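Shown next, in structure tokens, is the structure this report addresses.
The values are calculated or read from the model by the stated rules, or taken from the named source; none is laboratory data. All figures in this text were calculated on a predicted structure; none of them were measured in a lab. Backbone-built Cβ (ideal geometry, glycine too); neighbour counts: all protein chains shown. Ligands, DNA and RNA are stripped out before the accessible areas are found, and what is left, the full protein with its side chains, is counted by its heavy atoms. Shrake-Rupley method; radii C 1.70, N 1.55, O 1.52, S 1.80 Å.
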Amino acid sequence: MMIKVNNLQHTFSIGKKGKEKTVPVLRDVSFDVKRGEIVAIVGKSGSGKSTLLQILAGFMKPEHGSIVVNAQEIASLNEAGSAKFRLDNYGFIFQNFQLMPSLTAFENIELPLKLKGMKISERRTRVEMIMKKVGLTEVADHYPNELSGGQQQRVSIARALVTNAPILLADEPTGSLDSETEQDILMLIQQLNRELDLTFIIITHDEEVAMIADKRFRMHDGKLVKDGDHRVI
Amino acid sequence: MLFKDQIDFVLQHIKKNKLRVFMTVLAATMGCAFLIVLASIGFGLQASMEEEILSNQSVTKIEVMGGDAQFTAEEVAEIESVENVQTVLKTTTMDAEAKSFFEDRETISGVRLTNFTDYASIAKPLAEGTYPKNENEIVVGYHFGQTLLNEADRKLIEEKSKAAEAEGTYYNGEEEGYKSSLIGKEIELAISSHDNPDKLSERMTYTIVGVMPRPGYQWVIENRIYMMDEQRTALENSFKQVMVDDSASDFQLFNERYDIYAKSLEYVKPILEDLRGKGYGVYSVTEQLDELNIFFLVLKVGLIFVGTIAVLIASIGIFNTMTMAVTERTREIGVLKAIGASPKLIQRLFLMESTFIGVIGTVLAIAISYLVSFASNLLLPIVLEAATGEANFSNIQFSAIPWQLVVIAATISIGVAMISGLRPARKATKIEVMQALRQEL
Ligand SMILES: Nc1ncnc2c1ncn2[C@@H]1O[C@H](COP(=O)(O)OP(=O)(O)OP(=O)(O)O)[C@@H](O)[C@H]1O
Ligand SMILES: [Mg+2]
């Protein structure tokens, strides 16, 4: 089992100090993910999907529960440990791409390798290889604002892939794209999943996206329910 | 992240905000330059004072309280036996005038008697010639030749002095006198008393074998005659010929003074202590220097403190710039953290940026300070001379920047720059990823 989540629980407190209201966002969430699986988490807006992903990613600590990835408990890591874990194990794909506006496509993809302290010559070959894989060779020197939405999302996917991280976390990866571009990106995800044996956890409220998943979970009022296995080819 | 990549990262951000960073660097430069220039006044004046004190005196000289205190031969032997005492030099000054005649020239000078073996061991080398070996050999002061005047010279000097007086300056007669070497020349010498300068003794003949070095103070005219101690009786006899009655019974023709010389500067203090323990009243110019140094230390610390305030004011600019930089880049910091940059790295990147501002500001400040220091040493004397009409400022150093001052100022301003970047850098590490990523472009 690659990822094993057990009894995750999280509560937000909102409102002014002194009159806070507590909002339970995750209630006893448990699920497993196997290596090479595409897992989709669907659910209505506000149901707690993004919160779950953030906790999985280590952006914040859960109130309760455990997350075991590759036999390592990560819910209790400190900030530095969690950052190191992310760098080695996770790639991120965001709805609004989250590219650095002052860096070119090439440099954006290169960034995680710089964080890893890789030498420049190695970085170059690696980035070029990934760019070829996601079909970006032509736009290497473009800045994000000179790229289409689909191209930006490809850059963001390339950045997530470049470190050879085994797990990719995606929050609404096609949320800002038109349906044609969405199809391209979904095909790319499926292709990467097949070729590189990558594990995907995709958050979406779009049933279309969920169709490519091996396993689907539905988030409802902070509870996660399995939706049955099915894969559409 | 490789160090080179960190540098690239920082430089890229600086390039993006050139103007803002430039203004901050400018403030840091001004603060640091102010600190250096202000403190350089303390260093400069101290150097001038030290030079003033040391220029005409040997630092190894230990003076005896009262100056003309008489030592017995036993006392001299006792002092000389103290460790690291080079010599006890006895100098005898004749309280009468000596008039020298050479060709058609003449001059009036004072006479000193000394033991040249002792003297040679502590004195600066002669400007010319050797020390006397025979009784009728003498050494003369550096300006002796210049003061040897004939009728024509005296006229010229009078004219030049008048012209100088009209301009409000002063002519020292350096263009006249005997210009060739005096070594080997014979002069005739007559003694006269101060009370009756016109009555001269019989002339005695001496040979000049040496010329003393130039005196430390530029404005001193030194034309003394230096003879061996053995000439004392000869001079006494000559003086008897011109003595005015026996007017003052307590008149002494010769005054003796003893000066003790240490082998080198570091022995002066122990010798002073030793001699004081033995009951001698002794002091050294180096003690004056010690007091002076304490005074200047306080002055310099005060000036550096005031200068540091300017650096602190500049640091407010650095703090603001860095806070802005962090706020502006919240989303980018969020992305960096999301993809796995450690909080430490993020803190380091921002600290490097504020350090960069401090370093560039300091480097510029050092360069500017040297220019300002050089210019003020060049121009202030001219301005002061024009304002006061006096010509005494050219050898005063108003500003000096030794490397110690550069190190102190650089430490203060780079340190302050780093400290003022610390809070913004911490703030950057505290940014929450999700909050940051929610910010739209
Ligand atoms: N930082 C926060 N502080 C307080 N409440 C929060 C915070 N983040 C999310 N919430 C609340 O938690 C609940 C779940 O939010 P979450 O973003 O996980 O929903 P979601 O399923 O991702 O919705 P969407 O599909 O619209 O993205 C919402 O009610 C939201 O108001
Ligand atoms: Mg969401």
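Just a few scattered comments:
- Selected residue [closer than 30 Å to residue A:93 by Cα, open to solvent by less than 40 Å² (accessible area, probe 1.4 Å) and assigned to a helix (DSSP H, G or I)] from B:409, B:417, B:436: B:436
Residue-wise test of (1) closer than 19 Å to residue B:226 by Cα; (2) open to solvent by 40 Å² or more (accessible area, probe 1.4 Å); (3) charged (D, E, K, R).
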position	(1), (2), (3)
B:91	yes, no, no
B:109	yes, no, no
B:127	yes, yes, no
B:133	yes, yes, yes
B:161	no, no, no
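- Exclusive hit being among the basic types (Lys, Arg) and within 14 Å of chain A (Cβ to nearest Cβ), set B:16, B:99, B:61: B:16
- Evaluated against (1) assigned to a helix (DSSP H, G or I); (2) within 30 Å of residue A:80 (Cβ to Cβ); (3) open to solvent by less than 30 Å² (accessible area, probe 1.4 Å), residue B:369 falls short on exactly one condition, (2).
- Comparison of A:55, A:41 shows that the only residue that is open to solvent by less than 10 Å² (accessible area, probe 1.4 Å) and either more than 15 Å from ligand 2 (Cβ to nearest atom) or away from chain B (no Cβ under 14 Å) (or both) is A:41.
- Hey, residue A:74 more than 16 Å from ligand 2 (Cβ to nearest atom), farther than 26 Å from residue A:154 by Cα and within 14 Å of chain B (Cβ to nearest Cβ) or not: yes
- Tally of residues being without any contact (Cβ under 8 Å) to a residue 24 or more places away in the chain and open to solvent by less than 80 Å² (accessible area, probe 1.4 Å) across the stretch B:388-403: 2
- Neighbours by Cβ (under 6 Å, 6+ apart or cross-chain): first from the stretch A:78-100, away from ligand 2 (no atom under 16 Å from the Cβ); second part of a strand (DSSP E or B): A:89/A:167; A:90/A:167; A:90/A:169; A:91/A:168
- Of all residues in the stretch A:95-120, exactly one satisfies the criterion of being touching a Pro at 6+ places or on another chain (Cβ under 8 Å), at the interface with another protein chain (Cβ under 7 Å from one of its Cβ atoms) and open to solvent by 20 Å² or more (accessible area, probe 1.4 Å), namely A:101.
- In the set (1) at pLDDT below 90; (2) within 16 Å of ligand 2 (Cβ to nearest atom), the condition left unmet by residue A:180 is number (2).
- When restricted to residues that are of a type outside the set (Gly, Ala, Ser) and open to solvent by less than 20 Å² (accessible area, probe 1.4 Å), the stretch B:135-149 contains 6.
- When B:188, B:222, B:236, B:256 are checked against the criterion of being closer than 19 Å to residue B:103 by Cα and of a type in the set (D, E, K, R), a single residue qualifies: B:188.
- Among the candidates A:49, A:34, residue that is within 14 Å of ligand 2 (Cβ to nearest atom) and at negative phi: A:49
- Within the stretch B:377-387, the set of residues being in contact with a Ser or Thr (Cβ under 9 Å, 6 or more places away or on another chain) and either free of Cβ contacts under 8 Å to residues at least 60 places away in the same chain or not in a helix (DSSP H, G or I) (or both) comprises B:380, B:381, B:382, B:385.
- Subset of the stretch B:40-67 (residues that are under 23 Å from residue B:295 (Cβ atoms) and touching a Lys or Arg at 6+ places or on another chain (Cβ under 6 Å)): B:42
- Selection within the stretch B:333-366 - facing chain A (nearest Cβ under 7 Å) and part of a helix (DSSP H, G or I): B:335, B:337, B:338, B:343, B:344
- Number of the exception - residue B:96 against (1) open to solvent by 50 Å² or more (accessible area, probe 1.4 Å); (2) in contact with a helix residue (DSSP H, G or I) (Cβ under 6 Å, 6 or more places away or on another chain): (1)
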